[in-house]
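The values are calculated or read from the model by the stated rules, or taken from the named source; none is laboratory data. On a predicted model such as this, the values are computed, not experimentally measured, just so you know. Cβ coordinates were reconstructed from backbone atoms using ideal geometry, including for glycine residues, and neighbour counts include every protein chain displayed.
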């Protein structure tokens, strides 16, 4: 689907969608349990892939209160406010068929470790993009724990074949490729009798995503502890040399329910849009912004540093932002890779240079987001300099004008380009806009409600 965005002013209130990161983990944690209800989930293409995997292992995921008959899984509507998960009690069954993770890297990595617990063989695959993403370090780690874990093409990429059952013990894994490898091992390791001791062979990047995992595990009654090089416990994942997970644990959230918080990755687009295009004298307000372990909450500080007035009422979970003349900043995204597209879009509007550092790992997402943003912003008239680990956007040399850009099949690229389009002269056409369904299915509805001049499928909102 193509979307046409014309420069416009925004005002009003939008609600952030629930967190995709928390929803993935909550659905699988509920699967590891004897059963639980996940409240306020994000229902999207990616999280549906995780729900399908839970079902493949012998559990089920359905709207709370729905009727489920026979072997046919209940349909999960986009607006489901709670999901009832029947778990597989920490011991997944061998799937009847291949597990299709679609375009969800989080699903594949977390589910690969879950599959290793089954006493038999599981096969996991995904779409073309997912089959190009690295899984080798996780496969090697599972191999250390007694599992046959292989790439069918021998290149560390899906399709994957995993034969368990997994044994506990010590395992080493790099921390600078994907924090999801660590999350996968922590979640699976808790239900093994021996538990796991995870050693990081390189510094951990995206540590806040592991903090999300630790927070959620605690909410499900599961202990996992980050440790330093001497084996002493730490308060969070940052700077950890490894993790210790006792075995034989049971997943069981208090009261049998878990509530998913709002998503700060998605909030970044709403916040950025307000900073770029709020009507003079008005604000854009964002609901659903209560504090959590999400590292992407750093976008609030970034936008403030760039010069936009931001008021975050943490207790109410509401952010208000006004438009301002933005100035370039230097940002390290080692722990917040999903913010790169948003920051790059803001940099194209700001005066001076916006330098986004420590971003090489952002090249291994749904697409190479570093090159994608450099090239697509360039189509709109932005000047950029791309290095292996740094993207610099030269805002003072940029003059944004409407053009046709490609969302690259990546939800975050689409939404970031929509933010830039609000500041571009004329109309910008964004190809592949339907991919926002991965994490923010109602994105263009929310933007239209705020005042974005957007045309979709021949309808002007």
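Of the set (1) touching a residue at least 12 places away in the same chain (Cβ under 8 Å); (2) surrounded by fewer than 17 Cβ atoms within 10 Å (Cβ to Cβ), all apply to residue 313 but (1).
Hey, which of the strands (runs of 3 or more DSSP E) in the stretch 213-315, taking only ones fully inside, have at least 1 residues that are at pLDDT below 95? Because the criterion is at least 1 residues that are at pLDDT below 95, the strands (runs of 3 or more DSSP E) in the stretch 213-315 that meet it are 257-259.
Looking at (1) out of contact with any strand residue (DSSP E or B) (no Cβ under 7 Å at 6 or more places or on another chain); (2) more than 26 Å from residue 215 (Cβ to Cβ); (3) buried (at least 24 other Cβ atoms within 10 Å of the Cβ), which is the one condition that is false for residue 281? Failing condition for residue 281: (3). Check the stretch 200-218 and report whether any residue there is over 23 Å from the mean Cα position of the chain (by Cα) and farther than 25 Å from residue 337 by Cβ. No, the conditions are met nowhere in the stretch 200-218.
Residue 414: within 26 Å of the chain's Cα centre (by Cα) and closer than 19 Å to residue 331 by Cβ, yes or no? So residue 414 fails the test.
This table checks each residue for (1) in the same structural domain as residue 404 (by TED's automatic domain parsing); (2) more than 23 Å from residue 209 (Cβ to Cβ); (3) buried (at least 24 other Cβ atoms within 10 Å of the Cβ).
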position: 322; (1), (2), (3): yes, yes, no
position: 334; (1), (2), (3): yes, no, no
position: 339; (1), (2), (3): yes, no, yes
position: 348; (1), (2), (3): yes, yes, yes
position: 353; (1), (2), (3): yes, yes, no
position: 361; (1), (2), (3): yes, no, no
position: 376; (1), (2), (3): yes, yes, yes
position: 379; (1), (2), (3): yes, yes, no
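Determine whether the stretch 405-416 contains at least one residue that is surrounded by fewer than 19 Cβ atoms within 10 Å (Cβ to Cβ), farther than 9 Å from residue 3 by Cβ and free of Cβ contacts under 8 Å to residues at least 40 places away in the same chain. Within the stretch 405-416 (the criterion being surrounded by fewer than 19 Cβ atoms within 10 Å (Cβ to Cβ), farther than 9 Å from residue 3 by Cβ and free of Cβ contacts under 8 Å to residues at least 40 places away in the same chain), the answer is yes, since at least one residue qualifies. The criterion of being surrounded by 21 or more Cβ atoms within 10 Å (Cβ to Cβ) and at pLDDT below 95 holds for residue 206. Only a single criterion out of (1) touching a helix residue (DSSP H, G or I) at 6+ places or on another chain (Cβ under 9 Å); (2) farther than 26 Å from residue 440 by Cβ; (3) assigned to a loop (DSSP other than H, G, I, E, B) is not satisfied by residue 118, namely (1). Set side by side, the residues 238, 230 differ, and just one is outside the structural domain of residue 361 (by TED's automatic domain parsing), closer than 30 Å to residue 321 by Cα and surrounded by fewer than 16 Cβ atoms within 10 Å (Cβ to Cβ), which is 238. Summed over the stretch 436-460, the residues that are under 25 Å from residue 287 (Cβ atoms) and without any contact (Cβ under 8 Å) to a residue 40 or more places away in the chain give a count of 3. There is at least one residue in the stretch 91-99 that is farther than 26 Å from residue 252 by Cα and either modelled with pLDDT under 95 or touching a strand residue (DSSP E or B) at 6+ places or on another chain (Cβ under 9 Å) (or both).
The residues of the stretch 32-69 that are in a loop (DSSP other than H, G, I, E, B), over 18 Å from the mean Cα position of the chain (by Cα) and crowded, with 20+ Cβ neighbours inside 10 Å, listed by number, are 33, 57, 59. Residues in the stretch 1-22 that are out of contact with any helix residue (DSSP H, G or I) (no Cβ under 7 Å at 6 or more places or on another chain) and part of a strand (DSSP E or B): 4, 6, 13, 15, 18. Residue 138 falls short on exactly one of the conditions (1) at pLDDT 95 or above; (2) buried (at least 18 other Cβ atoms within 10 Å of the Cβ); (3) in a loop (DSSP other than H, G, I, E, B); (4) touching a helix residue (DSSP H, G or I) at 6+ places or on another chain (Cβ under 8 Å), and that condition is (3).
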